[in-house]
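Some notes on the structure that comes next.
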Amino acid sequence: GWRPYQDAALQSLVAEGKPVLVNFTAAWCLTCLVNERNAFADPAVEEVFRRKGVVLMKGDWTNREPAITQALARFGRAGVPLYVVYNADPVHLEPRVLPQLLSADLVRNTFAKLPDR
C-alpha cells in the first residue's frame, strides 16, 4: 500500500538505499486518476513493486497542503501530477522524475535494473 508522504521518512528510506516511488497527486486531478488506474493498479506493476521492494509514498495535494507544495517546488512544479523515483538504478542515484502520463510498461521498466528482494 501507499504510505503518506513525509519528507523525513523519505530521506531516511533514500539514505538506506531503498527504492521509493513518490506519487504527488490530488483527488481532483484527472491525469492522476488515469495513471493510478492504468499504471499503478496493473497487476504486473504491483508484482514488480513487491518483488523489487519498492516503497510507495503518496503526497496528497487535494487540499494544497503546504508540505506537499514545498516538495513540488523543489522539482520546479506548481501542481500535480508529479512522480519521483529514488534508488531505482544502482548506478544513477539522483532522483528521477517520470512523465506526467504513465504507462504500466514505463513504470515496470523504471525498476527493471533492481535485483529482486
How far apart, in nanometres, would the label points at LEU106 and VAL14 be if each is projected 7 angstrom from Cα along the Cα-to-Cβ direction?
2.1 nm
In order over region 57-71: 3J(HN,Hα) from phi, Karplus 6.51/-1.76/1.60, θ = phi - 60°, whole Hz, x for each Gly or Pro, gives 10, 10, x, 7, 9, 3, 9, 6, 4, x, 5, 6, 4, 5, 5
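In whole percent, how big is the carbon plus sulfur part of the accessible area of the chain, probe 1.4 Å, protein atoms only?
On the way: 3420 of 6400 Å².
Of all accessible area on the chain, carbon and sulfur atoms account for 53 percent.
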Check GLY59: other-chain or 5+ apart residues with amide H under 5 Å from its amide H, H built from backbone geometry?
TYR5, ASN23, PHE24, THR25
Given the chain, report the % of alpha carbon pairs whose separation exceeds 20 Å.
37 percent
Can you tell me the accessible area per residue over the chain, all protein chains present, probe 1.4 angstrom, in square angstrom?
55 Å²
Rounded to the nearest 500, what is the chain's calculated 222 nm mean residue ellipticity when only DSSP H runs of at least 4 contribute -39500 (n - 2.57) each, over all residues?
-9500 deg cm²/dmol
Ellipsoid equivalent to region 1-58 - semi-axes via the Cα gyration tensor, in Å
21, 16, 6
Where the centroid of each part is defined by its Cα atoms, how far is region 47-88 from region 92-114 in Å?
13 Å
Calculate how many DSSP beta bridges within the chain are antiparallel, expressed in % of all such bridges and rounded to the nearest 5.
50 percent
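The values are calculated or read from the model by the stated rules, or taken from the named source; none is laboratory data. What you see is a predicted model; the values in this text were computed from it and never measured. Cβ atoms come from the backbone with ideal geometry, glycine included; neighbour counts cover every protein chain shown. Quick note on the areas: whole protein, heavy atoms, side chains included, nothing else; ligands and nucleic acids left out. Shrake-Rupley method; radii C 1.70, N 1.55, O 1.52, S 1.80 Å.
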